[in-house]
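First up is the structure itself, then whatever we jot down about it.
The values are calculated or read from the model by the stated rules, or taken from the named source; none is laboratory data. Source: prediction; values computed, not measured. Glycine also receives a Cβ, built like all others from the backbone with ideal geometry; neighbour counts cover every protein chain displayed. Remember, those area values only see protein heavy atoms, side chains included, never the ligands or the DNA or RNA. Shrake-Rupley method; radii C 1.70, N 1.55, O 1.52, S 1.80 Å.
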Amino acid sequence: MTAFALPVAREVVRLRPFASVAGTERRREKQVRSALSIAERGTRDVYCHFGRDGRNLECAFFAGPAGENPDNLRLLGETVRGWLRAGVPSYLWCERLQEGMAIVLVINGRVAKDALTDEGAKNELAVTVAKLLDASTTPTVFCDDDALLAQIRNAAGDATILNRPTPGSVLDATPLQTLVEVRRIPAVARWNQLRRLMQNALLLLVIAGAAVGAYWYFTKDVDTTEIFVNSNQRLLDEYNSILGEPDPAAVITSIHAAYLRAVEEFTYWDVQWLRWQAERANSRGRGGNTVDTVSIGAALPLNPETGEFVPISDREATEITEWTDERAKALGWTVELAQRSASNPRMKFEAEVPLDGVSPRRPDEIDAIRYPEPPRGDPWHWSSVQRDFEQLTALIGTTRSPRPPRANPIYRTRTLVVELRNVEWGRPDMANWLARRLGGGPVMVESVVVVMDTNALAAMQITFKAAWCTQDPATGACAAPS
């Protein structure tokens, strides 16, 4: 077989002082999984390869079907780099395989590009050779195919290309570098085991402390009625806090407006994803800042014809950085630009964008949605909510319940995760539908993740819960602490 895992995303992560390499690998894989909206167990998974380089960690990631055959998870770039042991920091390797032309570009010792393309893809070679000429004064090529070598020399123009023979075919190279699930990396598996042991030990300490505390508390002279009232009062405070979260209509329409503003203001960039979480909004509120924000990730655009990054000079990168910083300051946005390197030349940034009109519900708005679950057929009965979203996702997504319903003497909640595909996020239709369906009722949004694809299409995941008070059988109204 000649199958390789393509395309592969690569980056270099700086290891922090005293940081565990296995912990860093596990944490970075989890961040990539979150950015791609891939659940822990599902139809897709994230496969990884890590290599230590001093105080840096070279990372390679590939998203593919869950339970993928290891024969289909081979790394072309890292395999060629380890197989050739070229002795020069920057070089190009190419070979004609059954599926077409295989190329690997190494810049300063790191894999900058690997691909398997049609034999006639002259533009692919031209772009790759241009990158090699920018990085090396003595461009070296490993290629035993005369026709491919002629195309490389033609793409190089007047530049002198040093051709060196290859030791054979990459299909015979050993060992083949492969991608694996992060939990199958031995060091990560040991780190996870140690972490579980520490968690279990801590849990035992907590249980022992709780047992001692409970023994002391329940054996002292105390009125048992007071204990019941305090417990229900705590639940009532929780219920009030849930009802006080922002209205979903304001959250969803403001997130969509922030996307349109980013596209309009930062014309040099492609928006890649948006992420909003209620937990982060609540923590900002407690810190004194009541302005809610959405995180937006963007990157410089790719060539629409080749799908490759268009190289830019250091001067152009500096100008883009300065322009982006100035525009962000004028808008009141907080922007953090990712460090640009030879192995990761595509500039990216992450911004915290204020959401206008998103704020906690007022006391009168809370009172308006404080009621028991209405009868079946009402729009806010859970069966009606679930039915509407199952109809929405029949062709473009899925729905699932991430946790069982919660019920106590004061309130009850139910949660739903809705995943949508090929949403036309550049238009307001989907945002407006979600706002109309979820706004104005006893519903609270927990998180919204939008991952952009092409032509303003996007994959979207929204998690929300409905909350009703527990009904008093005698009065039919909300049960009160007693």
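Would you check if there is a residue in segment 341-361 being of a type in the set (Val, Ile, Thr), under 25 Å from the mean Cα position of the chain (by Cα), modelled with pLDDT of 90 or more and not in a strand (DSSP E or B)?
Within segment 341-361 (the criterion being of a type in the set (Val, Ile, Thr), under 25 Å from the mean Cα position of the chain (by Cα), modelled with pLDDT of 90 or more and not in a strand (DSSP E or B)), the answer is yes, since at least one residue qualifies.
Among (1) out of contact with any strand residue (DSSP E or B) (no Cβ under 7 Å at 6 or more places or on another chain); (2) free of Cβ contacts under 8 Å to residues at least 40 places away in the same chain, which single condition is residue 89 missing?
It fails just one condition, (2).
Inside segment 115-163, can you point out the residues that are assigned to a loop (DSSP other than H, G, I, E, B) and closer than 24 Å to residue 87 by Cα?
Listed by number, the residues that qualify are 136, 137, 138, 139, 143, 144, 145, 159, 160, 161.
How many residues does segment 156-204 contain that are of a type in the set (S, T, N, Q) and open to solvent by 70 Å² or more (accessible area, probe 1.4 Å)?
5
May I ask you to list pairs of residues, at least six apart or on different chains, whose Cβ atoms are under 6 Å apart, with the first in segment 239-265 being farther than 23 Å from residue 380 by Cβ and the second being small (Gly, Ala, Ser)?
Here the result reads 256/431, each pair linking segment 239-265 to a residue that is small (Gly, Ala, Ser).
Within the bounds of segment 453-460, is there any residue that is in contact with an Asp or Glu (Cβ under 8 Å, 6 or more places away or on another chain), without any contact (Cβ under 8 Å) to a residue 24 or more places away in the chain and more than 19 Å from residue 251 (Cβ to Cβ)?
So far as segment 453-460 goes, no, none of its residues is in contact with an Asp or Glu (Cβ under 8 Å, 6 or more places away or on another chain), without any contact (Cβ under 8 Å) to a residue 24 or more places away in the chain and more than 19 Å from residue 251 (Cβ to Cβ).
Which of the residues that make up segment 436-482 are of a type in the set (Gly, Ala, Ser) and open to solvent by 10 Å² or more (accessible area, probe 1.4 Å)?
Hits for segment 436-482 are 439, 440, 447, 456, 459, 474, 476, 477, 479, 480, 482.
Suppose we keep only residues that are among the polar types (S, T, N, Q) and modelled with pLDDT under 80 within segment 287-317. Which one would you say is surrounded by the most Cβ atoms within 10 Å (Cβ to Cβ)?
Out of the qualifying residues, it is 306.
It is to be established whether one or more residues within segment 108-119 are more than 32 Å from the chain's Cα centre (by Cα) and under 19 Å from residue 308 (Cβ atoms).
yes
Being among the hydroxyl-bearing types (Ser, Thr, Tyr), at negative phi and open to solvent by 50 Å² or more (accessible area, probe 1.4 Å), is that true of even one residue in segment 335-355?
no
Please specify each residue of segment 356-369 satisfying the condition of being among the hydrophobic types (A, V, I, L, M, F, W, C) and open to solvent by 30 Å² or more (accessible area, probe 1.4 Å).
The one that is among the hydrophobic types (A, V, I, L, M, F, W, C) and open to solvent by 30 Å² or more (accessible area, probe 1.4 Å): 368.
Which residues, counting only those in segment 320-355, are charged (D, E, K, R) and either in contact (Cβ under 8 Å) with a residue 24 or more places away in the chain or closer than 17 Å to residue 302 by Cα (or both)?
327, 340, 346, 348, 350, 352
Do you know which of the residues in segment 393-419 that are open to solvent by 70 Å² or more (accessible area, probe 1.4 Å) and among the charged types (D, E, K, R) is farthest from the chain's Cα centre (by Cα)?
412
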